[in-house]
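Okay, structure first, notes after.
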Amino acid sequence: MADLTWPRMAPSSAANLVLVGFMGTGKSAVGRCIAERWGRTFLDMDALIEEREGRTIPAIFRDSGEPYFRRLETQLAAELGEPRSLVIAAGGGIVLHPVNIEHLRRGGVVVCLTATPDAILQRVAGDTHRPLLQAPDRERRVRELLEARKPFYESIPDRVDTTGRPVEDVADLVEAIYRRATATGE
Ligand code: S3P
């Protein structure tokens, strides 16, 4: 008999699902999981920026500076400001410019993933692709950035704590938020 549970019933809303949150909170893993469940396209904003620029995020930061990268992020957020049934993972700094969130909200439902500093540190251990984490004292850097960004992440009303939760469980919680927000009742 056919497997009727796969793929799961995709929502009927065309609203994008946009995952924001600090580095290492699982945006890409959860986004991919949900996109697969729904049979929708997963869009990683950082990966698209790298593709368009023809260079990596570390190279962009090194050669053009962080403000340049932030401008690219804002341009892309503006482009993604309409419902296109996408599952989007934003970069961790997307919340720093509130206009980005305004753009992304126009296109869909924004959910913030969170995790404790310890969980984040475990997940980003050994990372070499995140320029902001290439500090002599990574733990201190993560704690400082988290503290500085706290009000920005907390300004997103829908948040899911990913600490100690498997990707599938986080995906269930995010799905519930999306379905409630789009009021499809599915
Ligand atoms: C950044 C997070 C990164 C990437 C860039 C800057 C940040 O994305 O956009 O290195 O400012 O928090 P991830 O959150 O996917 O690691």
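Coordinate-derived values only; no laboratory data. None of the values given here were measured: they were computed from a predicted structure. Neighbour counts run over all protein chains shown; Cβ positions are idealised from the backbone, glycine included.
Taking the Cα centre as origin and putting +1 on Lys and Arg beta-carbons and -1 on Asp and Glu beta-carbons, what dipole magnitude results for the chain, to the nearest 20 debye?
200 debye
Suppose every Lys and Arg Cβ carries +1 and every Asp and Glu Cβ carries -1, with no other charges. What dipole size does the stretch 3-64 come out with about its Cα centre, to the nearest 20 debye?
Dipole of the stretch 3-64, to the nearest 20 debye: 180 debye.
Between the stretch 19-45 and the stretch 65-134, what's the alpha-carbon centroid distance in Å?
Result: 11 Å between the Cα centres.
Could you work out the Kirkwood radius for the stretch 81-161, taking every pair of different alpha carbons, averaging 1/r and inverting it, reported in Å?
On the way: mean 1/r = 0.0714 Å⁻¹.
Answer for the stretch 81-161: a Kirkwood hydrodynamic radius of 14.0 Å.
What do you get for the angle between helix 66-79 and the principal long axis of the chain? Use alpha-carbon atoms, 0 to 90 degrees, nearest ten.
20 degrees
If you take the charge dipole of the stretch 16-185 about its Cα centre, with +1 on Lys and Arg Cβ and -1 on Asp and Glu Cβ, which of GLY24, GLY92, PRO58 is farthest toward its positive end?
Value computed over the given set: GLY92.
What list of ³J(HN,Hα) couplings, whole Hz, do you get for the stretch 103-114 from phi and the Karplus terms 6.51, -1.76, 1.60, once you set θ to phi - 60° and write x for glycine and proline?
With coefficients 6.51, -1.76 and 1.60, one gets 4, 5, 5, 4, x, x, 9, 9, 10, 9, 8, 10 Hz.
Viscosity 0.692 mPa s, temperature 37 °C: give me the Stokes-Einstein translational D for the stretch 16-185 in µm²/s, with Rh taken as the Kirkwood radius over C-alpha pairs. Show your work: numbers first, answer last.
Numbers: Rh = 16.2 Å.
Estimated diffusion coefficient is 202 µm²/s.
At q = 0.29 Å⁻¹, what is the base-10 log of I(q)/I(0) for the stretch 129-176 according to the Debye formula with one equal point scatterer per Cα and no solvent? Please give it to two decimals.
-0.97
Restricting to Cα pairs below 8 Å that are 6+ residues apart, what does the relative contact order work out to for the chain? Please round to a whole percent.
Worked out over the chain, it gives 32 percent.
For the stretch 16-185, build the charge dipole from Cβ charges (+1 Lys, Arg; -1 Asp, Glu) around the Cα centre, then report which of THR116, TRP38, ALA181 sits farthest towards its positive end.
Farthest towards the positive pole: ALA181.
What does the charge count near PRO131 come to, summing +1 for each Lys or Arg and -1 for each Asp or Glu among other residues with Cβ under 9 Å from its Cβ?
Net charge in that neighbourhood comes out at +1.
Compute the helix-to-body angle for 167-182: its Cα long axis versus the longest principal axis of the chain, expressed 0 to 90° and rounded to tens.
With rounding to tens, the tilt is 70 degrees.
When you count, for each residue, the other Cβ atoms within 10 Å and take the mean per peptide, how do 108-120, 48-60, 73-85 rank with the highest first?
Working: 108-120: 21.1, 48-60: 14.5, 73-85: 17.8.
Ranked from most to least packed, the peptides come out as 108-120, 73-85, 48-60.
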